[in-house]
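Before any comments, here is the structure.
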Amino acid sequence: MAYEPSRYNFFVLYKKDNYLLYNARSNALALVDQDMKKAFEQNDEEALMSLPEEYLTVMTQRGFLIDDTIDEIHEIEYRHHHYIVNNFSNVVELALIMTYGCNLACTYCYEKGINLKKTMSKNMLDRVEKYIKTQAVRNNARKIVSVSFYGGEPLFNWKGCKYTMNFLKECNREYETPYETRVITNGLLLTDDVLQTFLDNNIVSMQITLDGAKKDHDKRRKTPRGEGTYDAILDRITTVYEIDQNLPRIRINIDNTNYHGLPMLFDDLSERGLCNLSVYFGIVFEFTRGCKTGDSSCFDLESIEKTLPDLWRLALSKGYVIKTRPSTMYSYCGFDLAHAFVIDPFGDFYNCWNAIGMKEWCIGSLDSTGKLVSNHNFYDQLSREPTRFEECSTCTLLPACMGGCAFLANSLHGTIHSAGCGEYKNIIGERLKWYVEREYAHILEEGEEDEAVQI
C-alpha cells in the first residue's frame, strides 16, 4: 500500500526546530522535527517510508499519512451529510424567542433597528408544541427534544416559558421523549422560584452575559433608565453557581472599549468565589446589526486576531475554563442542520441566531396546524455545501471549520455560498500552542529530542 501526506496537515512552529503537526480531518496532533516537516511538505516518499516503524505507524493510524487512493474531500462531504442526517434522526433542537421585549437597553443589542416588542402568545406556543410533537414522535422515533429559551429577555415571558416546560414534561410522560432545556438570560429576572423551575426541567446550561469590569459593564448593559446592572447580575450568577458550578456559562462581550478592563473582572469573580467558571468571549463585530450604525468600538477581524490570544492567556492564568484546542467538526453551527431552528413570536423560522427578525433571512413559518411552511430561503440555506466553495475546498483547515459562519460569509461576499472565515483561522497556531503548553508540557520535556511525539 502506498501512502501520501494528508491534505489536511497543518504545521505550526513550536520551539527551536520543532513543529506541531495538526490534522484537521482526524483531529490528531503530534510534535515533529524540521526534517519530518520537509518530508511531508515535499511528499518525499523515500524519506517518509524510511521513518522508524513506530513513527510510521503513528503517522498512518492518526491520519497524517493516508492511503493514496483515498479522496479526502469526498470523505469530508460524506461525513458532513451523514452528520446532518444522523442528527435529524435523533434530535429536535429549537431556540424559542419568547419575546422581543427586554428589561435592558444594551448599546450594541442585535435588536437595534428591529423595534419589535412582540411576545410569543399561547396560540403560537400551541403551534410550536404541535411542531415538536410531530417531529419528536415521527415514526415512533422518540427523538431528544432540546429547547433553548431566548429573547429579548426570555424571562419577560415567564408564563410562556413555564407553559412550554409543562408541555415538554407531559410529552415525556406520554411518549417517553427525553428533553433538556437551556436559557440565555441577562439574569435579572432569575428569582429562586424561576431557577427551581428550570432545575426541575432538565436545565443543562444557563448563559448569562457580562460586559467587562463593573465600570464598563454598567455603561453598556443598563436599564432603560440608564442604571447599571453589574452587581445585580453577579448576585444571580453566584446563586446559580452555588447550586451547580457546571450550570452557569458566562459570556463576556468584548469590543475595543472594554477588553482592557478584563483583569479587574476576573479578579472580582475570584474574590466572589466564582472560580473555575466556563467563560467565553462574545465578540461585538463590525458586521453585526448594532455596529452597522458606524460605531467604531466594534472589532474588525484583524484587530480581534491580535487581541484574542492575550485574552485567552489572561483567562487561563486566572484559573477559568476556556477551550482553545481546535477540533474536527462536520457542521459549523446549527445553520447547516435540518433539525435546529430558531422560532420567533410571529412563528417565523430562522437558521441563524444573528439573523433573528430579519425577514430576508426567514426560511418559513408555522401554520395553524404546527406545520413548517418553508420558502425559497429554506432550500437555499440548507444546501450550503462548504466542500464546493473554491477557498474552502483547498483549505487545510476545512474539517475544523466547515465553511465558517454563513452570516459572516454573506457580510463579506454577498452570499452564504462562500467562506465565512472568522477570527479563529489566522490564530489557530496560537490556539494549538496554548493547548499543548497547558496539557502536555511534561511529555514535551521528556520527548524533545525525538523525531515524533504523539500528543
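The values are calculated or read from the model by the stated rules, or taken from the named source; none is laboratory data. Quick caveat, the model's predicted, so the values are computed rather than measured. With ideal geometry, Cβ positions are generated from the backbone for all residues, glycine too; neighbour counts draw on all protein chains shown.
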TODO: Go through region 229-281 and give me each residue that's under 26 Å from Asn201 (Cα atoms), touching a residue at least 40 places away in the same chain (Cβ under 8 Å) and among the polar types (S, T, N, Q).
DONE: Thr239, Asn276, Ser278
Task: Flag if Glu4 is touching a residue at least 60 places away in the same chain (Cβ under 8 Å), assigned to a strand (DSSP E or B) and of a type in the set (Asp, Glu) - done: yes
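Give the residue, chosen from Leu29, Leu94, Leu21, that is assigned by TED's automatic domain parsing to the domain that holds Gly228 and among the hydrophobic types (A, V, I, L, M, F, W, C). Break it down stepwise before answering.
Details: Leu29 fails: assigned by TED's automatic domain parsing to the domain that holds Gly228; Leu21 fails: assigned by TED's automatic domain parsing to the domain that holds Gly228.
After ruling out the rest, the residue left standing is Leu94.
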Open item on the list: For region 386-439, give me each residue that is assigned to a loop (DSSP other than H, G, I, E, B), of a type in the set (Phe, Trp, Tyr) and either over 23 Å from Leu13 (Cβ atoms) or out of contact with any Leu (no Cβ under 9 Å at 6 or more places or on another chain) (or both).
Closed with: Phe389
- [ ] Could you list, in sequence order, all residues of region 28-54 that are part of a helix (DSSP H, G or I) and either within 32 Å of the chain's Cα centre (by Cα) or closer than 17 Å to Phe11 by Cα (or both)?
- [x] Gln34, Asp35, Met36, Lys37, Lys38, Ala39, Phe40, Glu41, Leu48
Open item on the list: Suppose we filter region 191-239 for residues that are surrounded by 16 or more Cβ atoms within 10 Å (Cβ to Cβ) and among the acidic types (Asp, Glu); how many remain?
Closed with: 3
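Considering every residue within region 211-226, establish whether at least one is touching a His at 6+ places or on another chain (Cβ under 6 Å), within 30 Å of Leu301 (Cβ to Cβ) and not in a helix (DSSP H, G or I). Lay out the reasoning, then the answer.
Applying the first criterion (touching a His at 6+ places or on another chain (Cβ under 6 Å)) to region 211-226 yields 211.
Cutting the leftovers down to within 30 Å of Leu301 (Cβ to Cβ) gives us 211.
With the extra rule that they be not in a helix (DSSP H, G or I), the set shrinks to 211.
Yes, region 211-226 contains a residue that is touching a His at 6+ places or on another chain (Cβ under 6 Å), within 30 Å of Leu301 (Cβ to Cβ) and not in a helix (DSSP H, G or I).
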- [ ] Would you be able to say whether some residue in region 176-186 is under 24 Å from the mean Cα position of the chain (by Cα) and surrounded by fewer than 18 Cβ atoms within 10 Å (Cβ to Cβ)?
- [x] yes
TODO: Could you name every one of the strands (runs of 3 or more DSSP E) located completely within region 65-179 that has at least 3 residues being among the aliphatic types (A, V, I, L, M) and either modelled with pLDDT of 95 or more or closer than 25 Å to Asp348 by Cβ (or both)?
DONE: 91-99, 144-151
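Matching residues to (1) under 18 Å from Val373 (Cβ atoms); (2) modelled with pLDDT of 95 or more; (3) of a type in the set (A, V, I, L, M, F, W, C):
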| site | (1), (2), (3) |
| --- | --- |
| Ser303 | no, no, no |
| Leu308 | no, no, yes |
| Leu311 | no, no, yes |
| Ser317 | no, no, no |
| Tyr320 | no, no, no |
| Pro326 | no, no, no |
| His339 | yes, no, no |
| Asp348 | yes, yes, no |
Task: Sole exception among (1) closer than 30 Å to Glu360 by Cβ; (2) not assigned by TED's automatic domain parsing to the domain that holds Tyr179 for Asn43, by number - done: (1)
Open item on the list: I want to confirm something. Restricting to region 311-358 and keeping residues that are out of contact with any Asp or Glu (no Cβ under 8 Å at 6 or more places or on another chain) and in a strand (DSSP E or B), which single residue is surrounded by the fewest Cβ atoms within 10 Å (Cβ to Cβ)?
Closed with: Val321
Task: Qualifying residues in region 394-406 (those that are surrounded by 17 or more Cβ atoms within 10 Å (Cβ to Cβ) and out of contact with any strand residue (DSSP E or B) (no Cβ under 7 Å at 6 or more places or on another chain)) - the one nearest to Ala338 (Cα to Cα) - done: Met402
Task: Exclusive hit being modelled with pLDDT under 95, small (Gly, Ala, Ser) and within 21 Å of the chain's Cα centre (by Cα), set Ser205, Ser278 - done: Ser278
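Hey, any hits in region 31-53 for a residue that's among the small types (Gly, Ala, Ser), under 27 Å from Ile428 (Cα atoms) and touching a Phe, Trp or Tyr at 6+ places or on another chain (Cβ under 8 Å)? Give the steps one after another, and end with the answer.
Residues of region 31-53 among the small types (Gly, Ala, Ser): 39, 47, 50.
Filter once more, so that each one left must be under 27 Å from Ile428 (Cα atoms): 39.
Retained after the next criterion (residues that are touching a Phe, Trp or Tyr at 6+ places or on another chain (Cβ under 8 Å)): none.
No: region 31-53 contains no residue that is among the small types (Gly, Ala, Ser), under 27 Å from Ile428 (Cα atoms) and touching a Phe, Trp or Tyr at 6+ places or on another chain (Cβ under 8 Å).
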